[in-house]
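Worksheet: the structure to be examined is printed underneath.
The values are calculated or read from the model by the stated rules, or taken from the named source; none is laboratory data. These figures come from a predicted structure and were not determined experimentally. Cβ: placed from backbone, ideal geometry, glycine included. Neighbour counts: every protein chain shown.
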Amino acid sequence: MFMEIAGLRKSYTSGTITTEVLKGIGMRLDKGEVGVILGPSGSGKSTLMNILGGIDRGDSGSVIVDGIEVQRLNDDKLTDYRREHIGFVFQFYNLVPNLSVAENIEVVSNISRSSLNIDEVLAAVGLQDKKRRFPRELSGGEQQRVSIARAIVKNPKLLLCDEPTGALDYGTSRSILQLLQEVNAQYGTTVLMITHNTAIADMANKVFKLRSGEIVEELANASPVPAERIEW
């Protein structure tokens, strides 16, 4: 089992009020699978992804990714874990505005021990001819492609995508989802997306429905739908 979460709990305290965000989460994902976490705003999706990505810590429970017990890592080891094993794609692209496309990708490539060839990655996301452009010269879909390239160039074992199509129109969203499927197929990268868009679940091997900090349903797709056929 590539990713396994068991009994994961997380609470936040503000003043005298404690809010339990994750209430004993359990989920599993095999290597090379595409997973989707479905849930409305406030369901705990982003908190769960931040813990998986080593940005936050759970209060209790276990999180194992490729044999690494993430909850037991100290701060230095968490930094290594994020750098070597995790790729992040966010709804808002977080590109450095005064760096070119190639330079935005190179910044991440330089900190990884097993990075992929930048030109190969640019070709994979269809941006070979835009490598010298700056983010302001790109469309939203192109900027999201850069953010995906930046995430995969370090050859991560787990690609975490937080609402990767949330800021894009319908046609561009489908092309980004298609690109994520291609990355999964080409590099064998395990992909986990969080979204509120139920249609995206059709392209996943596994679907986890999250509500009020709990997994209320888990589904498996024997035959995931190609992204270009998804409609909403």
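State the number of residues belonging to region 168-211 that are under 13 Å from Arg229 (Cα atoms), in contact with a Phe, Trp or Tyr (Cβ under 9 Å, 6 or more places away or on another chain) and in contact (Cβ under 8 Å) with a residue 40 or more places away in the chain.
Count: 2.
Condition check: farther than 12 Å from Val36 by Cβ, among the charged types (D, E, K, R) and in contact with a Ser or Thr (Cβ under 9 Å, 6 or more places away or on another chain). Does Arg211 satisfy that? Steps first, answer last, please.
Working: farther than 12 Å from Val36 by Cβ: yes; among the charged types (D, E, K, R): yes; in contact with a Ser or Thr (Cβ under 9 Å, 6 or more places away or on another chain): yes.
The answer is yes for Arg211.
For region 22-44, what are the residues that are more than 15 Å from Asn221 (Cα to Cα) and surrounded by 19 or more Cβ atoms within 10 Å (Cβ to Cβ)?
Within region 22-44, Leu22, Ile25, Met27, Gly39, Ser43, Gly44 qualify.
Going through Val34, Val70 one at a time, which residue ends up being farther than 30 Å from Ala227 by Cα and modelled with pLDDT of 95 or more?
Only one candidate passes the filter, namely Val70.
Looking at Glu163 and the list (1) surrounded by 15 or more Cβ atoms within 10 Å (Cβ to Cβ); (2) free of Cβ contacts under 8 Å to residues at least 40 places away in the same chain; (3) within 23 Å of Val191 (Cβ to Cβ), which single condition is not satisfied?
Every condition holds for Glu163 apart from (2).
The rows are residues; the columns are (1) surrounded by fewer than 19 Cβ atoms within 10 Å (Cβ to Cβ); (2) among the polar types (S, T, N, Q); (3) in contact with a Cys (Cβ under 6 Å, 6 or more places away or on another chain).
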residue: Asp169; (1), (2), (3): yes, no, no
residue: Ser173; (1), (2), (3): no, yes, no
residue: Leu177; (1), (2), (3): no, no, no
residue: Val191; (1), (2), (3): no, no, no
residue: Met203; (1), (2), (3): no, no, no
residue: Phe208; (1), (2), (3): no, no, no
residue: Leu219; (1), (2), (3): yes, no, no
residue: Val225; (1), (2), (3): yes, no, no
residue: Arg229; (1), (2), (3): yes, no, no
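For region 83-102, give me the residue count where each residue is surrounded by fewer than 16 Cβ atoms within 10 Å (Cβ to Cβ), of a type outside the set (Val, Ile, Thr) and modelled with pLDDT of 95 or more. I'd like the intermediate steps shown before the answer.
Quick first cut of region 83-102, residues surrounded by fewer than 16 Cβ atoms within 10 Å (Cβ to Cβ) only: 83, 92, 94, 96-99.
From what's left, of a type outside the set (Val, Ile, Thr): 83, 92, 94, 97-99.
Cutting the leftovers down to modelled with pLDDT of 95 or more gives us 97-99.
Adding up the residues that qualify gives 3.
As an exercise: evaluate Ala167 against (1) hydrophobic (A, V, I, L, M, F, W, C); (2) over 17 Å from Val146 (Cα atoms); (3) modelled with pLDDT under 95 and give the number of the one condition it does not meet.
All conditions pass for Ala167, except number (2).
Here's a check for you: in region 5-20, which residue that is surrounded by fewer than 19 Cβ atoms within 10 Å (Cβ to Cβ) and touching a residue at least 24 places away in the same chain (Cβ under 8 Å) is farthest from Ile215 (Cα to Cα)?
Ser11
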